[in-house]
Amino acid sequence: MWNKLRNDRKNYFILLLIACMISGLFISRALLSAAIIVFVIASFFHNSPAKQIKVFFSSPLLWAMSLLFFLPFISGLWSSNLHEWSSIIRIKLPLFFLPLAFASPVLNFSKFQWRGVFILLILLVTASSLWSFANYFTNMQAINEGYLRAQTIRTPLENDHVRFSLLVAVSILISVVFLIKFKGFLKWQKIALALIALWLIVYLHLLAARTGLLCFYAMVVVATAWMIGKQKIGWRSLILLSGIIILPVLSWFIFPTFQNRVHYFLYEFSFFKNAQYLPGSNDGVRLLSIKAGWHVMKAAPAGVGFGDIMQETGNWYHAFYPQMLDTDKIYPASEWMIYGAGTGWIGLVLFLFAMAVPFFLSKFNCYLSWILLNLSAVISFMFDIGLEVQLGVFLYAFIILWFYTGIRNGFFQQRVDK
């Protein structure tokens, strides 16, 4: 009885730490950092730390995710700017310590507790989206016009609209999964979840952030193809097919932000397709930065080291676009190119390997929701550097690992292909 009471207290304490980590996303980076540190330490408070390490190395997802830390870490051997390198390593530490923590036997949660953590995340995202909408509503005209100058609605996560849009897309996925695949919700809870999912879809199109929309529509397209491939052409697949066509059309006519975002993208594209530099642009500068990362990788097949990526990218800008504004000289806007530039062709291949592992886990790849979740990560990293910022690192590692825990513990009622 005493052991059970002690284990229950430990369980609730770890759940409290997880709640603090999630809340820290929206409240304070300091809270997020402190909660991660205590969470990792608490994961080792048991009698068999050697077993935890063994589980870590026997789980391809866990050690593959840690490669995303060790590649930049090893590149310190040939990075000349060690100050920049050490800053990057501090940001990426959760990519090693969180997978290691999730190998712990201490993380033994019930289905109700596991589901509750995701519900907390969904509720915080929903509340934050309502706050963001309120900001938009109070100054609608100015914000609509701002979308013609690459500006966006104010968002949580320290106004990081890229990460927040991705979080909104993932919250939609989780809400739908809970509605379709999980039993135990009361009728009013199902109605609330459905309304939340619908609102977040509306908000995502109002926000009109490229990363979130791209991941959302990629998930819808793949889900539709999956259902049709399984010969399940029913009302769900018909709804998805209709949504792919109807949602963008409705958004064009309903949301000025969406329409202006498209106009601005086409305006920028007219410059980029002619290899012309447009000062202060958004997508145009990002595409140029990816091009810069590609040339840096080709010039240094073994990589320049994570500490020197910005310097070498800056040298390329100076050589080919000497008129470029300093504020437009950014990191290669793709994690694929970041790892390629920092650790060369081998690093790029290992990054690809780490991204591919989740799709080849036999116990997991039969779940459509798992495929869609990891697909959103792969796509977002193609056009964003989410692993170079603290919030992005935590979001990627925690959401993937928490979903992984749910499937591993058998919390899903049934498989999609049955």
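Conditions tested, residue by residue: (1) aromatic (Phe, Trp, Tyr); (2) in contact with a strand residue (DSSP E or B) (Cβ under 7 Å, 6 or more places away or on another chain); (3) in a loop (DSSP other than H, G, I, E, B).
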{"site": "365", "(1), (2), (3)": "no, no, yes"}
{"site": "370", "(1), (2), (3)": "yes, no, no"}
{"site": "375", "(1), (2), (3)": "no, no, no"}
{"site": "381", "(1), (2), (3)": "yes, no, no"}
{"site": "392", "(1), (2), (3)": "no, no, no"}
{"site": "395", "(1), (2), (3)": "no, no, no"}
{"site": "398", "(1), (2), (3)": "yes, no, no"}
Candidates 112, 118, 137, filtered to the one that is under 16 Å from the mean Cα position of the chain (by Cα), part of a helix (DSSP H, G or I), among the aromatic types (Phe, Trp, Tyr) and farther than 29 Å from residue 307 by Cα: 118
Positions within region 85-106 being crowded, with 17+ Cβ neighbours inside 10 Å and over 19 Å from residue 37 (Cβ atoms), in sequence order: 85
Region 136-153: number of residues that are surrounded by 14 or more Cβ atoms within 10 Å (Cβ to Cβ) and over 17 Å from residue 213 (Cα atoms): 5
Some residue of region 162-184 being basic (Lys, Arg), under 21 Å from the mean Cα position of the chain (by Cα) and buried (at least 17 other Cβ atoms within 10 Å of the Cβ): yes
Residue list for region 1-55, restricted to those being aromatic (Phe, Trp, Tyr), outside any helix (DSSP H, G or I) and at pLDDT below 90: 45
Every pair of residues 6+ apart whose Cβ atoms lie under 6 Å, when the first sits in region 298-322 and is closer than 19 Å to residue 335 by Cβ and of a type in the set (Gly, Ala, Ser) while the second is modelled with pLDDT of 90 or more and not in a helix (DSSP H, G or I): 305/79; 307/79; 307/81
Residue that is farthest from residue 77 (Cα to Cα), among those in region 306-358 that are hydroxyl-bearing (Ser, Thr, Tyr) and assigned to a helix (DSSP H, G or I): 327
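The values are calculated or read from the model by the stated rules, or taken from the named source; none is laboratory data. Every value quoted in this text rests on a predicted model; they were computed, and no experiment measured them. As a convention, Cβ positions derive from the backbone with ideal geometry for all residues, glycine included, and neighbour counts pool all protein chains shown.
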